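The values are calculated or read from the model by the stated rules, or taken from the named source; none is laboratory data. Please read these numbers as outputs of a predicted model, since none were measured by experiment. Here the Cβ positions follow ideal geometry from the backbone for every residue, glycine too, while neighbour counts run over all protein chains shown. Side chains included, ligands, DNA and RNA excluded: accessible areas come from the protein's heavy atoms. Shrake-Rupley method; radii C 1.70, N 1.55, O 1.52, S 1.80 Å.
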Amino acid sequence: MNLSKSLSDIGPLSFPGMESGLPLVIAGPCSAESEQQTLETARALSAIGVKFYRAGIWKPRTMPGSFEGIGDEGLQWLQAVKRETGMMVATEVATVEHVRAALDAGIDILWIGARTTANPFAVQDIADQLQGHDEITVLVKNPVNPDLDLWLGALQRFSNAGITRLGAVHRGFSSAGAHIYRNDPLWHIPFELRRLASGMTLLCDPSHIGGKREYVEPLSQLAMDAGFDGLMIESHCNPAQALSDSAQQITPNELKSILDRLVIRSGAPIEDELALLRQQIDDCDHELLAVLARRMSISREIGRFKKANNLRIVQPARYQDVMNARVDEGSRLGLDADFTQRIMQAIHEDSVRQQLDIMNDN
């Protein structure tokens with residue numbers, strides 16, 4: 001039987017007791033670390049009105065030896081959260097074994113992490129395991145790399161398996177070099193996903209985009225202004241002692257303050273063309289600044305090399321050859337020659353300044 005359903009046919013998520021017009025808020029610690037920490041955080045979040053509790057049980061970490069989650073034991077703590085607070089509970093699954101254990105424990109919401117979304121084989125295995133469980137809610141985070149097709153493909157695999165309670169979570173994209181945020185938002189990608197799956201619930205994860213707790217509030221407001229349907233936020237009863245993602249977690253009281261200040265505007269659809277274009281400009285600016293920072297870092301390395309080898313900082317022949325080449329390259333890309341020359345001169349002058357600082361540093 002073909003269970004395939006177009007993503008454009010997937011409707012918004014709804015839950016019992018969920019107030020219409022208010023954003024869906026899923027909050028809880030990055031990891032369930034102990035029964036006490038899990039329940040203490042849940043009680044505090046329930047007290048401020050949060051209905052959906054998230055906690056990682058199995059943690060796919062970059063480096064072995066890091067805290068990789070408490071494992072199956074944590075599912076019992078999530079069951080206790082449900083019994084005591086009445087909150088619906090969510091956790092990340094990355095393997096078929098995770099899915100089986102979560103289903104057996106009565107977990108309400110499963111999310112697919114960025115690393116898993118990037119692996120179509122893993123996604124298909126999980127989707128196959130979930131076939132027939134149309135009562136479960138599945139949230140798919142964007143892949144680690146900025147590939148819209150991978151994100152759409154993962155969502156489609158769950159839709160093909162008959163999962164109709166399906167949503168997407170924007171958590172930003174990994175990128176090389178220094179950036180303002182932990183993960184680059186690249187807002188045009190979730191905007192395009194919303195255009196292709198206009199009815200599907202789209203959440204924003206400001207914790208993982210920002211990487212620091214001070215970014216949670218402005219990113220949450222930006223997401224609301226852009227028409228996202230809700231937020232997934234990491235909240236811990238004692239963030240300073242968290243075993244994972246300590247810097248980006250906030251306390252339940254801090255979350256309450258953020259939610260109280262959040263402005264929900266009407267008449268600002270995510271597809272708004274001007275807003276989309278402005279976000280693309282912001283993305284370009286972030287990329288430009290990151291590239292310039294990387295270029296200046298290389299300039300400082302060159303300065304150290306020249307100092308060690310007693311070389312002149314400015315070499316006129318090299319300078320003129322580079323300038324001519326960059327102006328020609330800019331012209332081929334449709335840039336005005338004078339504009340390119342002014343930009344490159346300014347970059348060169350600051351590169352020289354950085355190298356002079358190295359030369360003069362005793």
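Quick notes
- Selection from the range 42-74 of residues that are out of contact with any helix residue (DSSP H, G or I) (no Cβ under 7 Å at 6 or more places or on another chain), assigned to a loop (DSSP other than H, G, I, E, B) and either open to solvent by 80 Å² or more (accessible area, probe 1.4 Å) or of a type in the set (Gly, Ala, Ser) (or both): GLY49, LYS51, THR62, MET63, PRO64, GLY65, SER66, GLU68, GLY69, GLY71
- Total residues in the range 235-257, condition assigned to a loop (DSSP other than H, G, I, E, B), open to solvent by less than 10 Å² (accessible area, probe 1.4 Å) and not small (Gly, Ala, Ser): 2
- Residue tally, condition at pLDDT 85 or above and either surrounded by fewer than 12 Cβ atoms within 10 Å (Cβ to Cβ) or touching a His at 6+ places or on another chain (Cβ under 6 Å) (or both), over the range 306-323: 5
- Considering residues of the range 340-362 that are under 37 Å from the mean Cα position of the chain (by Cα), open to solvent by 90 Å² or more (accessible area, probe 1.4 Å) and farther than 15 Å from GLU301 by Cα only, the residue modelled with the lowest pLDDT: GLU349
- Qualifying residue in the range 91-113 (condition: part of a strand (DSSP E or B), open to solvent by 10 Å² or more (accessible area, probe 1.4 Å) and of a type outside the set (Ser, Thr, Tyr)): yes
- Restricting attention to the range 164-182 and to residues that are at pLDDT 95 or above and not charged (D, E, K, R), the residue that is surrounded by the fewest Cβ atoms within 10 Å (Cβ to Cβ) turns out to be PHE173.
- Scanning the range 115-151 for residues that are open to solvent by 30 Å² or more (accessible area, probe 1.4 Å), in a helix (DSSP H, G or I) and over 14 Å from THR95 (Cβ atoms) yields PRO120, LEU148, ASP149, LEU150.
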